[in-house]
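*Asks:* First the structure, then my questions, so here it is.
None of the figures in this text is laboratory data; all of them are computed from the coordinates on show. Predicted model only: the values in this text are computed from it and were never measured. Glycine gets a Cβ as well: all are built from the backbone with ideal geometry, and neighbour counts include every protein chain shown.
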Amino acid sequence: FNLPIQVCEHLARDYGGRAADVCALIGDAVATEEGDPRLLAAGYPYLKAEVRYACREHARTVEDIISRRTRLAYLNVKDAQKAIPIVAEIMAEELRWNVEETQKQMVDAAAFLDTFAGPEPAIATTPAASKAV
């Protein structure tokens, strides 16, 4: 499959003996100098094929994919936001969503990501929490 070592390590760690099943869903795309179209988000080891595989393992929401299946939401909110339409498109194909369901899933996932403070934890703004210790 000619995958980067980080992707191979991720697949082996997270899927074990099922990694080949995920790789079987990759398709014909290949990496180029501009990037790797097989990746869900540049700089992360997550494959678009993992979204297909997760759907076949009963993932039903975009939020599930970006938060629990890949954890991208916890690693980089901005990249997770960029991945939402990609994940939604793949899930729509796999789960036969109509346009309304696909849009709803994207809105719900974006709302979930809006609860994140960004790369730094949110600082409590209540008077008791803001007192110096």
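*Asks:* Looking only at the range 58-93, how many residues end up being assigned to a loop (DSSP other than H, G, I, E, B) and surrounded by fewer than 23 Cβ atoms within 10 Å (Cβ to Cβ)?
*Replies:* Applying the first criterion (assigned to a loop (DSSP other than H, G, I, E, B)) to the range 58-93 yields 58-61, 70-71, 76.
Filter once more, keeping what is surrounded by fewer than 23 Cβ atoms within 10 Å (Cβ to Cβ): 58-61, 71, 76.
Counting residues in the range 58-93 that are assigned to a loop (DSSP other than H, G, I, E, B) and surrounded by fewer than 23 Cβ atoms within 10 Å (Cβ to Cβ) gives 6.
*Asks:* Identify, from the list F112, F116, the residue that is more than 24 Å from L25 (Cβ to Cβ), of a type outside the set (G, A, S) and part of a loop (DSSP other than H, G, I, E, B).
*Replies:* None of the others qualify; the one that does is F116.
*Asks:* Can we say Y46 is of a type in the set (S, T, Y) and surrounded by 21 or more Cβ atoms within 10 Å (Cβ to Cβ)?
*Replies:* Numbers: of a type in the set (S, T, Y): yes; surrounded by 21 or more Cβ atoms within 10 Å (Cβ to Cβ): yes.
In short, yes.
*Asks:* All but one of (1) aliphatic (A, V, I, L, M); (2) touching a helix residue (DSSP H, G or I) at 6+ places or on another chain (Cβ under 7 Å); (3) outside any helix (DSSP H, G or I) hold for A42; which doesn't?
*Replies:* It fails just one condition, (2).
*Asks:* So, D64, is that one among the charged types (D, E, K, R) and touching a residue at least 12 places away in the same chain (Cβ under 8 Å) or not?
*Replies:* no
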